[in-house]
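Presented below is the structure to which this report refers.
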């Protein structure tokens, strides 16, 4: 008897099917699928520096993935992790460039706190607009993405611009505000450890605390949650603020640990890619770590694929989209009904035999 795909197996099945579809597309275009996937794996994990760069690219996806998971668990459609990350990076830079006299640990703490606070303010504002005026958080978070992007552009062309005024980048953060790095010349840093620590903490928050229960109840049925006394408005605002804080913290870590300055196109779209990361992880904070690593490997290996096989890096974006498309297809009511019918049909002969 065929069994339905389990909830835990759906992401893996979606990845396998999406890769199979990508392989068919590659073959249709005249490329060698096996060689392309080998180049992708080599670019992501082929040597020590490639592996560490994959971890670097996965780190902001962990922070923003946790942000998306927290909000989506309460049916709060936070599409603004990108803007919240940029707001966090902007606040971290604005504070960090003035922290040269401070001890290193204190300066890093201030930078990270500034980033988390800015992200929380952006996310909390959208939560408050929803709770107070019934403004769709989808609209407000998307609009704030553009607001944060324009504010960042203004800052690196204006008050935060480097002293020579030759390039649209911010001043370099003082060394006292740089997060610790390990095993140079790799870019392994303490921000990765912070991301790993936050994943189980977010899991405990969502599945082992009263607030997490209320948030998930709100996500399942807002009317029932309100009927049983859950403060829907307050829970929504807190959840959106917490989601924004996680994304803003990711932006601060990227500034403090990796780039050490702010510039235009600071984010290649981590906040949007995080939606895919969180959905593949089924909103499970623990599963977000391997999911982010997978997407980080795709991002890091894309350039190697282009160099070795002449395949456009856009293929990686197509693969990401296919993963989400297949994953959503597994959850459609039509497929669910068909799977139930398959199970019941397979069970009928056994029932007649017993009779």
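Find the Rg to Rh ratio for region 47-195, where Rh is the Kirkwood radius over alpha-carbon pairs and Rg uses the same atoms. All intermediate terms of the calculation are to be shown ahead of the outcome.
Details: Rg = 16.9 Å, Rh = 16.8 Å.
My calculation puts Rg/Rh at 1.01.
Give the separation of the Cα centroids, region 189-258 to region 113-145, in Å.
Spelled out, the Cα-based centre of one part sits 14 Å from the other.
In deg cm²/dmol and to the nearest 500, what is the mean residue ellipticity at 222 nm of the chain if only DSSP H runs of at least 4 residues count, each as -39500 (n - 2.57), divided by the residue total? Spell out each step's value before the answer.
Numbers: 14 runs with 258 residues, N = 355.
One gets -24500 deg cm²/dmol as the mean residue ellipticity at 222 nm.
Calculate the translational D of the chain in whole µm² s⁻¹ from Stokes-Einstein, where the hydrodynamic radius comes from the Kirkwood formula applied to all Cα pairs, the temperature is 37 °C and the viscosity 0.692 mPa s. Display every interim value, and only then the final one.
On the way: Rh = 21.7 Å.
Rounded to a whole number, D works out at 151 µm²/s.
Using only Cα atoms, find the angle between the long axis of helix 210-220 and the longest principal axis of the chain, and express it within 0 to 90 degrees, rounded to the nearest 10.
Once rounded, one gets 60 degrees.
Compute the whole-percent fraction of alpha carbon pairs in region 61-131 spaced more than 17 Å apart.
For region 61-131, the share of Cα pairs beyond 17 Å comes to 46 percent.
With angles folded into 0 to 90 degrees, how steeply does helix 33-45 sit against the dominant principal axis of the chain? Use alpha carbons for both and round to 10.
40
Determine, for 291, 153, the number of other Cβ atoms within 10 Å of each Cβ, and report the residues in order from fewest to most.
Values: 291 27, 153 16.
Taking fewest neighbouring Cβ atoms as first place, the list is 153, 291.
Report, in degrees rounded to the nearest 10, the 0 to 90 angle that the Cα long axis of helix 314-330 makes with the longest principal axis of the chain.
Around 40 degrees separate the two axes.
Please compute the alpha carbon radius of gyration of region 183-275, then divide it by the globular-protein estimate 2.2 N^0.38 Å. Two decimals is fine. Write down the numbers at each step before the final one.
Working: Rg = 17.1 Å, N = 93, 2.2 N^0.38 = 12.3 Å.
Normalised Rg, Cα atoms only: 1.39.
A short reminder: the numbers here are calculations on the coordinates, not readings from a lab. Here the structure is a predicted model, which is why all the values come from computation and not from measurement. All Cβ positions, even for glycine, are placed from backbone atoms using ideal geometry, and neighbour counts span all protein chains on display.
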